[in-house]
1. I'm trying to understand the selection: among the residues of segment 59-100, which are farther than 20 Å from Ala12 by Cβ and touching a Phe, Trp or Tyr at 6+ places or on another chain (Cβ under 8 Å)?
2. Determine which single condition Phe43 fails, assuming it passes every other condition in (1) more than 14 Å from the chain's Cα centre (by Cα); (2) at pLDDT 95 or above; (3) surrounded by 11 or more Cβ atoms within 10 Å (Cβ to Cβ); (4) not small (Gly, Ala, Ser).
3. Can you pull out the residues in segment 17-58 that are in contact (Cβ under 8 Å) with a residue 40 or more places away in the chain, in contact with a helix residue (DSSP H, G or I) (Cβ under 7 Å, 6 or more places away or on another chain) and within 24 Å of Lys95 (Cβ to Cβ)?
4. For Lys29, indicate whether it is among the basic types (Lys, Arg) and touching a Ser or Thr at 6+ places or on another chain (Cβ under 9 Å).
5. Kindly list, by first and then second residue, each pair from a residue in segment 82-95 that is under 16 Å from Val20 (Cα atoms) to a residue that is among the hydroxyl-bearing types (Ser, Thr, Tyr) and in a helix (DSSP H, G or I), limited to pairs with Cβ atoms under 9 Å and residues at least 6 apart or on different chains.
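The values are calculated or read from the model by the stated rules, or taken from the named source; none is laboratory data. Note that the structure is predicted; figures quoted are calculated from it, not measured. We place every Cβ from the backbone using ideal geometry, glycine too, and count neighbours over all the protein chains shown.
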Amino acid sequence: MVSPLGQTWLEAAQELGFRVTAPFVLKTKSDTSYQFDALVHDFGGERGMVLMEKWESEKADAAAAHGYGYSSMSAGPFDREATLDALRDWGWCGKNVAAPSWLNEKAI
């Protein structure tokens with residue numbers, strides 16, 4: 001089931017043209033599973049940026065150990081400028097896909 005945070009990021013992805021998986025489950029080699037509200041592909045870490053509404057350090061540590069960036073944030077309605085700010089802050093990490101054209105545009 002998609003959480004409100006996941007839904008917001010799915011909407012952002014559709015509006016801005018990037019990839020999001022929501023929800024996202026990280027399964028470790030030790031067979032432990034961690035569910036995140038969303039995975040923003042190609043931003044924030046070698047394997048993308050995982051998002052969680054409720055901060056859990058164990059989940060953040062697992063994400064970092066597996067090549068993901070991580071962020072905790074509140075769910076809310078899609079805000080284009082706030083989303084662009086977050087994506088620019090996290091940075092583009094896509095290897096096989098060109099960065100979106102808006103990524104390097106200056107905010108007005």
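1. Within segment 59-100, the first condition is being farther than 20 Å from Ala12 by Cβ, and the residues that meet it are 59-62, 64-67, 95-96.
Lys59, Ala60, Ala62, Ala64, listed by residue number.
2. Status for Phe43: all satisfied but (1).
3. Residues satisfying the conditions are Leu26, Val40, Phe43, Gly44, Met49, Leu51.
4. No: the conditions fail for Lys29.
5. Partner pairs satisfying both residue conditions: Thr83/Thr8.
The rows are residues; the columns are (1) on the phi > 0 side of the Ramachandran plot; (2) at pLDDT 95 or above; (3) surrounded by fewer than 18 Cβ atoms within 10 Å (Cβ to Cβ).
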| position | (1), (2), (3) |
| --- | --- |
| Gln35 | no, yes, yes |
| Glu58 | no, yes, yes |
| Ala64 | no, yes, yes |
| Tyr68 | no, yes, no |
| Met73 | no, yes, yes |
| Leu87 | no, yes, no |
| Asn96 | no, no, yes |
| Ser101 | no, no, yes |
| Glu105 | no, no, yes |
